[in-house]
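Written below as structure tokens is the structure these notes are about.
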Amino acid sequence: MKRFLVTLFFLHVSLVANTLSVNNFKANVFSKTDKKPVEATLSLILEGKDVDVYERKVVDALNVVIGSYFAEDLITSKGKELLKATLIAYAKKTHNLTIDIVYIKDLTIKMNPSVQEIVDALKKEGLFNVAPKQQPQQQLQQLLPSLAPPPSRKLPLPDESGVNF
């Protein structure tokens, strides 16, 4: 009897709920540490009543909600669960949309380092070692032997019994 009720419940939910897949949604969020914008890319699957019909409202709600989070909060499991709950509540309050479940397929935070940060990281790894500059005269002395013509070779004398070309 339990199995029948559980099956009936899931059948009812699947008939009422629609599915919307939002792929590669990009938004800028701020970082707590350096107060710079960071690019967040996420892919979601949403289930709820008429979410596929009102996709633009779902995307608007997602854009507003994700903008209220810091990048460091989004990468924690608690932050992801809070994002889901906030999205469901915000969509219900502002757009009167019923979102039952939010699944996060992918959530990527991409930091945009400055040029100076890249140079500092290369120096730290030892990949930015530059040899000290040589004087122009030392460079010329090193270059001269490679520009000199090759030493002359003595050609063998022709052999009388053989043919030399």
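Some observations on this one:
- Residue in region 105-117 that is without any contact (Cβ under 8 Å) to a residue 60 or more places away in the chain, assigned to a strand (DSSP E or B) and under 18 Å from the mean Cα position of the chain (by Cα) present: no
- Subset of region 89-125 [of a type in the set (Val, Ile, Thr) and within 20 Å of Asn24 (Cα to Cα)]: Ile99, Ile101, Val102, Ile104, Thr108, Ile109
- The listed residue being modelled with pLDDT under 85, within 26 Å of the chain's Cα centre (by Cα) and within 19 Å of Thr108 (Cβ to Cβ), out of Lys26, Lys36: Lys36
- Test result for Ala40, in contact with a Phe, Trp or Tyr (Cβ under 9 Å, 6 or more places away or on another chain), surrounded by 15 or more Cβ atoms within 10 Å (Cβ to Cβ) and not in a helix (DSSP H, G or I): yes
- Ile66 fulfils the conditions (1) without any contact (Cβ under 8 Å) to a residue 60 or more places away in the chain; (2) over 19 Å from the mean Cα position of the chain (by Cα) except for a single criterion, (2).
- Restricting attention to region 76-97 and to residues that are among the β-branched types (Val, Ile, Thr) and exposed (fewer than 14 other Cβ atoms within 10 Å of the Cβ), the residue that is farthest from the chain's Cα centre (by Cα) turns out to be Thr94.
- Flag if Lys92 is among the basic types (Lys, Arg), touching a strand residue (DSSP E or B) at 6+ places or on another chain (Cβ under 8 Å) and without any contact (Cβ under 8 Å) to a residue 24 or more places away in the chain: yes
- Scanning region 43-65 for residues that are surrounded by 20 or more Cβ atoms within 10 Å (Cβ to Cβ), modelled with pLDDT of 90 or more, among the hydrophobic types (A, V, I, L, M, F, W, C) and in contact with a strand residue (DSSP E or B) (Cβ under 7 Å, 6 or more places away or on another chain) yields Leu44, Leu46, Val58, Leu62.
- Residue among Leu20, Leu8, Leu87 that is hydrophobic (A, V, I, L, M, F, W, C), part of a helix (DSSP H, G or I) and modelled with pLDDT of 85 or more: Leu87
The values are calculated or read from the model by the stated rules, or taken from the named source; none is laboratory data. Everything numeric in this text was worked out from a predicted model, so none of it was measured. All Cβ positions, glycine included, derive from the backbone under ideal geometry; neighbour counts span all protein chains shown.
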